[in-house]
Amino acid sequence: MSFEPREGGPRRVGQVKEITSLSNPIIKDIKALSLKKHRDETKTFMAEGLKLVLDALELGWTIRTLIYSKAAKGKPAVEQAAARTVASGGLVLEVSEKVMGAITRRDNPQMVSGIFDQRYQPLASIHPKKGETWLALDRVRDPGNLGTIIRTADAAGASGVILVGDTTDPFSLETVRATMGSVFAVPLARASHDEFLNWKKGTDAALIATHLAGAVDYRTIDYKPKPVVLLMGNEQSGIPETLARAADKLARIPQQGRADSLNLAVATAVMLFEARRHLLTLDTRG
Ligand code: SAM
């Protein structure tokens, strides 16, 4: 099979490479994307599923490699994705199911996966405006939590997520899976603690930090007058003193029962939907 690039694309015809061997060097490279070191070096990551790949292309993400299993060959949507991959200079691979399973580390793998360029928004380019809610996550460690939070931020209409300090990789397979595609929709930025504190000084956003010892009930805060940056703490240790001191408010979600605290992703969902309650209606879904 070959794909003609769309009009305006590079003037070359891309050939599909068929691969059935697990020891093929291209497959070895793709498998190495399960390692953060290799993702960092190549600044790429993998996302699984035809819908995700098509959504990512629609949103303008750069695809490096499209991989599909033999069973997907000839499906119009797969051919469309392949043509777009070729048009942007990427590689198209048709692989056996065994190879697809090895790449995605699944027994029943999706029929399509894509390798995309990673993308971070520079912190300095973020200027929160009224009606915007940004989420800042201090040293989030659990990939499932981070993916769930990115998905929740997307659903709540947050403007983006700032990863503060040493966090788990948003582009790991586990996190990307948990985002259910929202990794392509939610801008991500990263910052050290100092960079985040300096950035905060330069914005007129209200920094609302969540804290188990917070004096303010999160439901009593007025989230309307200013843009909001919601700061959530590390799963084990919460937020450090330096960040807590910089907060305009320390908010707490009242609890009953024996649990010490809420799971980070659950607490984030509660806070985000409260902070954006005045902005969300059943019609806000565009
Ligand atoms: N042992 C940690 C501590 O003392 O902060 C618990 C951290 S908790 C599992 C992770 C994060 O979820 C917290 O830093 C906070 O951002 C948020 N969180 C969980 N329960 C909360 C609550 N009841 N009120 C406010 N934030 C909460």
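Annotations for the structure displayed:
- For the chain, with +1 on Lys and Arg beta carbons and -1 on Asp and Glu, the positive-most of A215, L91, S113 along the dipole: L91
- Of T284, T210, T168, T42, the sequence from fewest to most neighbouring Cβ atoms within 10 angstrom is T284, T42, T168, T210.
- Along the stretch 76-89 the Karplus relation, 6.51 cos²θ - 1.76 cosθ + 1.60 evaluated at θ = phi - 60°, assigns HN-Hα couplings of x, 5, 6, 5, 4, 5, 5, 4, 5, 5, 4, 4, 9, x Hz to successive residues, with x for each Gly and Pro.
- For the stretch 242-272, the residues whose backbone nitrogen is under 13 Å from a point 7 Å from the Cα of R141, taken along Cα to Cβ, are 264.
- Within the stretch 116-214, percent of DSSP bridges classed antiparallel, to nearest 5: 0 percent
- Charge dipole (debye, nearest 20) of the stretch 68-142; +1 at Cβ of Lys and Arg, -1 at Cβ of Asp and Glu: 60 debye
- Note that the stretch 198-213 has calculated 3J(HN,Hα) couplings of 5, 4, 4, 4, x, 10, 9, 6, 7, 8, 9, 9, 9, 8, 5, 9 Hz, one per residue in order, obtained from phi through the Karplus relation 6.51 cos²θ - 1.76 cosθ + 1.60 (θ = phi - 60°); glycine and proline are x.
- Between helix 264-275 and the chain there is an angle of about 70 degrees, using the helix long axis and the longest principal axis of the Cα atoms.
- Here E41 and E174 are evaluated by their C-beta separation; at R0 = 25 Å the FRET efficiency comes out at 0.80.
- Of the cross-linked pairs K43/K75; K37/K201; K201/K224; K51/K130, those separated by over 24 Å at the C-alpha level are K43/K75; K37/K201; K51/K130.
- Remark on G160: its backbone amide H falls under 5 Å from those of L135, a criterion applied only to residues 5 or more positions apart or on other chains, H modelled at 1.01 Å from N.
- About the Cα centre, charge dipole magnitude for the stretch 32-176 (Lys/Arg +1, Asp/Glu -1 at Cβ), debye: 160 debye
- P(r), alpha carbons of the chain - 5 Å bins starting at zero, rounded %: 1, 5, 12, 15, 16, 13, 11, 9, 8, 6, 3, 1, 0, 0
- Cα→Cβ-extended label distance, 7 Å offset, between E195 and S125, nm: 1.4 nm
- Hz values of 3J(HN,Hα) by residue in the stretch 125-137 - Karplus curve (6.51, -1.76, 1.60), Gly and Pro given as x: 8, 9, 10, x, 10, 4, x, 9, 10, 10, 10, 10, 10
- Residues whose amide H lies under 5 Å from that of V140, counting only those 5 or more places away or on a different chain, are V164, T168; hydrogens are built 1.01 Å from N in the peptide plane.
- Shape of the stretch 191-236, Cα gyration tensor, a/c cut at 1.5: oblate
- Ranking S237, T284, A191 by Cα position along the charge dipole of the chain, where only Lys, Arg, Asp and Glu carry charges on their C-beta atoms, puts T284 farthest toward the positive end.
- About the centre of its Cα atoms, the chain shows a dipole size close to 280 debye [charges on the beta carbon of Lys, Arg (+1) and Asp, Glu (-1) only; nearest 20 debye].
- Taking other C-beta atoms within 10 angstrom as a stand-in for reagent exposure, L52, L33 fall in the order L33, L52, fewest first.
- Summing +1 for each Lys or Arg and -1 for each Asp or Glu among the other residues whose beta-carbon sits under 12 angstrom from that of T20 gives 0.
- Seen from all directions on average, the stretch 94-197 presents a Cα convex hull projection of 7.5 nm².
- Helix axis angle, 143-156 relative to the chain longest principal axis, alpha carbon, degrees: 80 degrees
- Beta bridges per DSSP with both ends in the chain, % antiparallel, nearest 5: 30 percent
- Cα gyration tensor, the stretch 123-279 - rounded (a/c under 1.5), prolate or oblate: rounded
- Principal axes of the stretch 2-117: Cα extent on each, largest first, Å: 36, 30, 24
- Only helical runs count toward this figure. For the chain, summing -39,500 (n - 2.57) over DSSP H runs of n ≥ 4 and dividing by all residues gives -9000 deg cm²/dmol at 222 nm.
Every number in this text was worked out from the coordinates using simple rules, so none of it is lab data. Just so we're clear, the structure is a prediction, and the values are computed from it rather than from any experiment. We place every Cβ from the backbone using ideal geometry, glycine too, and count neighbours over all the protein chains shown.
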